[in-house]
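Heads up: the structure comes next, in structure tokens.
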Amino acid sequence: MNKWTAQLEDLYEHRDSEEVAHYLLSYPRLINFLHESYDHLLKLFGASARFALEVVQDPEAQYKQLIVYINTSLPVEAALSRMDRLDREWFLDHVKSIGHLINFNLEIA
């Protein structure tokens, strides 16, 4: 693990640290992307939200993907609205370059 992936552990929970680290080392461009995305997530979902990383096998495809779970206690409609803003204001600009490698999912507490 390098210093950039180690710093991500301060920002995101790693649900399987070894697999997440291996995935990030396989796709190093995601490391900067995750650092940048943290600022957007914090702005939209607030300091009480928690963010977690997990590598999952896409059930409809033959590849793995890094999922950023956004755990929030916001009401469902507010959380969905903020996810839509994340997409429109930031993530959709990156879909062509990394969209197949990463995705964001809500977890409502």
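The values are calculated or read from the model by the stated rules, or taken from the named source; none is laboratory data. Since this is a predicted model, take the numbers as computed values, not measurements. No Cβ is skipped: glycine too gets one built from the backbone with ideal geometry, and neighbour counts run over all protein chains shown.
The table for this structure:
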{"item": "Hits in segment 52-106 - residues which are of a type in the set (A, V, I, L, M), in contact with a His (Cβ under 9 Å, 6 or more places away or on another chain) and either modelled with pLDDT under 90 or under 15 Å from Y27 (Cβ atoms) (or both)", "result": "L53, V55, A61, I102"}
{"item": "Count - residues of segment 58-78 that are free of Cβ contacts under 8 Å to residues at least 24 places away in the same chain and in contact with a helix residue (DSSP H, G or I) (Cβ under 8 Å, 6 or more places away or on another chain)", "result": "0"}
{"item": "Boolean, A52 is assigned to a helix (DSSP H, G or I), touching a residue at least 12 places away in the same chain (Cβ under 8 Å) and surrounded by 12 or more Cβ atoms within 10 Å (Cβ to Cβ)", "result": "no"}
{"item": "Lone unmet requirement of (1) surrounded by 16 or more Cβ atoms within 10 Å (Cβ to Cβ); (2) in a helix (DSSP H, G or I) for E77", "result": "(1)"}
{"item": "Residue match in segment 56-72 (condition: in contact with a Lys or Arg (Cβ under 6 Å, 6 or more places away or on another chain) and buried (at least 18 other Cβ atoms within 10 Å of the Cβ))", "result": "no"}
{"item": "L11 being of a type in the set (A, V, I, L, M, F, W, C), farther than 17 Å from L101 by Cβ and modelled with pLDDT of 95 or more", "result": "no"}
{"item": "Residue in segment 72-84 that is β-branched (V, I, T) and closer than 15 Å to L41 by Cβ present", "result": "yes"}
{"item": "Matching residues, segment 84-93, being surrounded by 15 or more Cβ atoms within 10 Å (Cβ to Cβ) and over 12 Å from the mean Cα position of the chain (by Cα)", "result": "W90"}
{"item": "Checking S97 against (1) part of a strand (DSSP E or B); (2) polar (S, T, N, Q); (3) more than 13 Å from the chain's Cα centre (by Cα), the condition it does not meet", "result": "(1)"}
{"item": "Single unsatisfied condition, L44 versus (1) within 13 Å of the chain's Cα centre (by Cα); (2) under 26 Å from V76 (Cα atoms); (3) not polar (S, T, N, Q)", "result": "(1)"}
{"item": "Residue within segment 79-93 that is among the basic types (K, R), in contact (Cβ under 8 Å) with a residue 12 or more places away in the chain and under 15 Å from L11 (Cα atoms) present", "result": "no"}
